[in-house]
Amino acid sequence: MPDDYSKAMSCFQRAAGLGLAEGENQIGYLYANGLGVPVDYGEAMVRFRKAAALGFVQAEMNIGTLYLLGRGVAMDRQQARYWISKAAAGGVPAAQRWLAENSD
């Protein structure tokens with residue numbers, strides 16, 4: 001793990017250990033993107049779900065994206081729409097754009 005990612009992971013783990021949703025989300029981001037750790041969409045989903053349960057709306061977008069792309073979970077457009085809609089309602093601009101562009 002490159003030194004910067006190692007330091008970032010350590011900080012995010014401390015934050016997550018304190019119950020901070022952003023720490024959980026950032027750990028998920030590192031796993032989803034293989035930054036300093038092997039790509040692990042399952043672990044990313046676990047972390048995004050923890051962050052979402054703590055009220056971090058960007059994590060809802062991240063969950064929706066994993067469902068949309070079928071990464072770590074079966075591709076499921078209905079679940080993707082559910083989570084992206086939650087993120088949009090929480091004010092995430094990317095989620096709002098996706099909904100506007102993908103109205104069925």
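The values are calculated or read from the model by the stated rules, or taken from the named source; none is laboratory data. Predicted model, so just to flag it, every value in this text is computed and none were measured. Neighbour counts are summed over all protein chains in view; Cβ atoms, including those assigned to glycine, are modelled from backbone coordinates with ideal geometry.
A few notes on this one:
- Boolean, A44 is under 25 Å from D3 (Cβ atoms), touching a residue at least 24 places away in the same chain (Cβ under 8 Å) and in contact with a helix residue (DSSP H, G or I) (Cβ under 9 Å, 6 or more places away or on another chain): yes
- Helices (runs of 4 or more DSSP H) lying entirely in segment 1-73 (those with 2 or more residues that are surrounded by fewer than 17 Cβ atoms within 10 Å (Cβ to Cβ) and out of contact with any Lys or Arg (no Cβ under 8 Å at 6 or more places or on another chain)): 3-17, 21-33, 41-53
- Qualifying residues in segment 74-104 (those that are at pLDDT 95 or above and either part of a loop (DSSP other than H, G, I, E, B) or in contact with a His (Cβ under 6 Å, 6 or more places away or on another chain) (or both)) - the one surrounded by the most Cβ atoms within 10 Å (Cβ to Cβ): V92
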